[in-house]
Amino acid sequence: MIKKVIFYSIAALFVAASDPTAWAGAEGSTIVWGTPATISGDTDVYSAGSLVSAFNMFGPDVTVNGVTFSAFNVTGGSQTATNGNFTFTEAPGILTPGNSFGSGQPPFSSLSANYRTLLSTAISTSDNNTLTLAINGLTIGQTYVFQFWVNGSSFNPNIGYRTTASAPNPVTLDDNTTDANGGVGQFVLGTFFCGSTSEFITFNGTDNTQAPTVNAFQLRVVPEPSSLALIMTAGGIGLATLLRKRR
């Protein structure tokens, strides 16, 4: 009887490990955000793991720290913009892309030319409406890292633009940490275990007059030990324990 229990227990563990849909829902797709950091140089760009996609919003293709950010074209006045598996939606207003987020003043002007290119364009919204990013085509059971930037170096002093991203945990980034011409914004990393083939992130401004800003973003797959190996190891430990008890 004990042998049968052990056999079916190990078999169940194997099935769960080989079919991520059987257990992905336990963790879902909630993003766990890190601490926002002030933009400082090319090494801000996370490069571990495998790149899924990286985009420069309303700007040209550009490579920073070995990561190539592809142009994400946005038509002003529209409500949606799509590139591959990534779609931005704005409602009830319209999308408002821009290319005047850079500055000739330091510390922004001290960044590399490519980094300045990445941070000088952005997508925003009309008024303080919600900007939603839908990410499709994800692999259930995989762990992803999402990184995005907000920057408004050309803003006038004391504007205080901020953008809050929610998925559904919130994190708030400052578009200009000095509130002065030439000041730089922030970036953040968020990790999520994929429990669905789609992920949704919403972006909002911080009050009734300010719209959200997204200058650039990337999605990467995190390298990690095989879930199957971990589960089978746990199953092996359970088997050894049962055999010891039987003896």
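The values are calculated or read from the model by the stated rules, or taken from the named source; none is laboratory data. What you see is a predicted model, and the numbers here were worked out from it, not measured in a lab. Backbone-built Cβ (ideal geometry, glycine too); neighbour counts: all protein chains shown. Remember, those area values only see protein heavy atoms, side chains included, never the ligands or the DNA or RNA. Shrake-Rupley method; radii C 1.70, N 1.55, O 1.52, S 1.80 Å.
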Q. If segment 60-187 were replaced by its equivalent ellipsoid, with semi-axes equal to the square roots of 5 times the Cα gyration tensor eigenvalues, what would those be, largest first, whole Å?
A. 24, 18, 15
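What number do you get for segment 115-195 when its Cα radius of gyration is normalised by 2.2 N^0.38 Å, N = residues?
1.25
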Q. Plugging the Kirkwood radius over Cα pairs into Stokes-Einstein for segment 153-204, at a temperature of 20 °C and a viscosity of 1.002 mPa s, what D comes out in µm²/s?
A. 171 µm²/s
Q) Ordering Phe217, Phe200, Phe193 by how much accessible area each has at a 1.4 Å probe, largest first, what is the list? A) Phe200, Phe193, Phe217
Q: With 10 Å bins from zero, work out the P(r) of segment 45-113 over every alpha carbon pair and list the percent per bin.
A: 17, 40, 32, 11
(Q) Once neighbouring chains are kept in place and the probe is 1.4 Å, which whole percent of the accessible area of segment 61-199 is contributed by carbon and sulfur? (A) 44 percent
Q | Contour excess over end-to-end distance, with Cα ends at Ser100 and Asp61 and 0.36 nm allotted per residue | A | 12.3 nm
Q | Probe 1.4 Å, protein heavy atoms only - accessible area per residue of segment 60-156 in square angstrom | A | 39 Å²
Q: Please give the peptides 114-121, 162-169 ranked by average Cβ packing (other Cβ atoms within 10 Å per residue), highest first, as a rough proxy for protection.
A: 114-121, 162-169
